[in-house]
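Okay, so here's the structure we're looking at.
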Amino acid sequence: MTDPKIPILVVDDSPSTLEMIGRKLNSHGYSSFAARSVNEALELLEKFPVELVLTDYKMPKATGLDLIRHLKAHHPLIRVIMITGYPTLEGAVEAVKMGADEYLTKPFTDQELFSAIAKVEAMIVNQKLAHKPSPTESNPYGMIGSSAVMTKVYRAIHKSCSNNATVLIHGESGTGKELVARAIHYHSKRAKTSFVPVNCGAIPETLLEAELFGYTKGSFTGATETRAGYFITADGGTIFLDEISETSLSMQVKLLRVLQDKQVSMIGSKTPRTINVRVIASSNKDLNQLIRQGSFREDLFYRLNVLPITIPPLRDRKEDIPQLVYHFLDKYSRETSRPSPKISPEVMTAFQSYHWQGNVRELENLIYRLVVMNDEPELSVSELPDYMKFTLHHAKNLTRSLAEVEFEYITDVLNSVRGNKSQAARILGIDRKTLHQKLKLTLPQEIE
Ligand SMILES: Nc1ncnc2c1ncn2[C@@H]1O[C@H](COP(=O)(O)OP(=O)(O)OP(=O)(O)O)[C@@H](O)[C@H]1O
Ligand SMILES: [Mg+2]
């Protein structure tokens, strides 16, 4: 199972469409959830830290527009792509007016699907940039957290700023890899030149080469003009090869050549161009393991891994959580002009004992939601999402059977890892097969 990129919720009343889209998304490394109705979607939204909703417009009960209205009111950070069927141009116009960020008209190609997702991802990136913490004296990089492990990260950033060596950033999803990459660029001598982020996982394999290296007019069908690639755009500056583990072995050979020769050749051109680009790469997967499995080239790894930086997951630096919570409370209450609620000790305990699969991003989104939704002066546990409450053992109900407790615990664990069964099985200490059997026995038919 691949690590999640932005988590996507797909809403469509047709099971076969859901299956088809889900398969495409998963094959590109996205974690996706499926809902057959708006109601089902609302339930999933409460449980999982979704960042993008891909919804059909026409559905038997509540429509895609109803869903958008709900999202705008309750989950303003979640982006939406609306799928409209021919010939509902009006629906498309209305979708955008109502707040859909993009729309797709049925039937759509893979390229249309992933290019719509890439556009929305770019919006999400910009949104995050706007929310970038501002630097303070104690922390010139504007990152929050003073745990020993984060201090080590700041020291590594500091070292990376004074030279041009290639940096490889490793960390789970949402730990701040992009923040670190930007910090290095903007504190290096290249600060005034361009920082070019490329999400290698989000760009379809066939397009990635053209996007990275550029192409000349007429070099392939569809190349109607000459375009410089990201490497040339980043000349003099920094290129951030995000999610480098998602590139194919043949792309890795091409990247290795660029790193070695410091030259790029546009597709269709025989004359290579010399470039001066600093490379920062990131991965949320263990590249050493991928090397052993044969899906990542060892020579490229050594080329990249000159200055390695590892960002620990949030659950391994629990002491940073209160600081992050207060930072985000302050930021979002200012931004939304809403009061910043007090945090009860019990809520802070829940925050510190939760698994934070989505790391700082998940915490940030949750705090944003709580600031928007909460009307009380103090946040209590009852306002936390259900999947967080199971980390607190305060509500002991001594009338349940062992089977009930087991069922609830299994679903809680599954929710906390966003439905990833392999991971849930690992946490539960059972194998996948046993987990499947338990789910078959306890879950209603349609879920399995
Ligand atoms: N130490 C930190 N202090 C403040 N904000 C942080 C910190 N770390 C991460 N964030 C915030 O968390 C969010 C996720 O960070 P970022 O996009 O850099 O993570 P990432 O590791 O690149 O995630 P992904 O693997 O999903 O691409 C951003 O909004 C970022 O501003
Ligand atoms: Mg990232």
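The values are calculated or read from the model by the stated rules, or taken from the named source; none is laboratory data. Keep in mind it's a predicted model, so treat the numbers as computed, not measured. Reconstructed Cβ throughout: ideal geometry from the backbone, glycine too, with neighbour counts over all protein chains shown.
Observations
- Only residues that are assigned to a helix (DSSP H, G or I) and over 16 Å from residue 48 (Cβ atoms) were counted across region 334-369, and they come to 14.
- Selection within region 280-331 - aliphatic (A, V, I, L, M), outside any helix (DSSP H, G or I) and within 16 Å of ligand 2 (Cβ to nearest atom): 280, 281, 309, 311
- Within the option set 180, 149, 167, 153, being within 16 Å of ligand 2 (Cβ to nearest atom), more than 15 Å from residue 281 (Cβ to Cβ) and among the β-branched types (Val, Ile, Thr) holds for one residue only, 153.
- Residue match in region 268-278 (condition: on the phi > 0 side of the Ramachandran plot, outside any loop (DSSP other than H, G, I, E, B) and away from ligand 2 (no atom under 16 Å from the Cβ)): no
- Remark: pairs (first residue in region 243-259, closer than 15 Å to residue 295 by Cα and in a helix (DSSP H, G or I); second residue charged (D, E, K, R) and within 16 Å of ligand 2 (Cβ to nearest atom); Cβ separation under 8 Å; 6+ apart in sequence or on different chains) = 245/285.
- Looking only at residues of region 277-300 that are of a type outside the set (Val, Ile, Thr) and touching a residue at least 60 places away in the same chain (Cβ under 8 Å), we find that the one that is surrounded by the fewest Cβ atoms within 10 Å (Cβ to Cβ) is 286.
- Taken as a whole, the condition of being surrounded by 16 or more Cβ atoms within 10 Å (Cβ to Cβ), in contact with a strand residue (DSSP E or B) (Cβ under 6 Å, 6 or more places away or on another chain), in the same structural domain as residue 83 (by TED's automatic domain parsing) and more than 22 Å from residue 355 (Cα to Cα) does not apply to residue 44.
- Among residues of region 48-67 that are free of Cβ contacts under 8 Å to residues at least 60 places away in the same chain, those with a beta-carbon under 8 Å from a residue that is of a type in the set (Phe, Trp, Tyr) and buried (at least 20 other Cβ atoms within 10 Å of the Cβ) at least six positions away or on a different chain give the pairs 50/33; 63/57; 64/57; 65/57.
- The one condition from (1) surrounded by 21 or more Cβ atoms within 10 Å (Cβ to Cβ); (2) within 26 Å of residue 217 (Cβ to Cβ) that residue 246 does not meet is (2).
- Of all residues in region 190-216, those that are more than 21 Å from the chain's Cα centre (by Cα), in contact (Cβ under 8 Å) with a residue 12 or more places away in the chain and not in a helix (DSSP H, G or I) total 6.
- Every residue from region 40-58 that is in a helix (DSSP H, G or I) and farther than 21 Å from residue 366 by Cα: none
- Out of 61, 5, one residue alone is of a type in the set (Lys, Arg) and modelled with pLDDT under 85. It is 5.
- Matching residues, region 212-250, being small (Gly, Ala, Ser) and away from ligand 2 (no atom under 16 Å from the Cβ): 214, 218, 219, 222, 223, 228, 229, 234, 236, 237, 248, 250
- Here residue 130 passes the criteria (1) of a type in the set (A, V, I, L, M); (2) buried (at least 20 other Cβ atoms within 10 Å of the Cβ); (3) at pLDDT below 85 except the one numbered (2).
- Among the residues of region 1-39, the ones that are outside any loop (DSSP other than H, G, I, E, B) and of a type in the set (Ser, Thr, Tyr) come to 4 in all.
- Top-ranked residue in region 301-312 [being touching a Ser or Thr at 6+ places or on another chain (Cβ under 6 Å) and crowded, with 17+ Cβ neighbours inside 10 Å; ranked as nearest to residue 170 (Cα to Cα)]: 311
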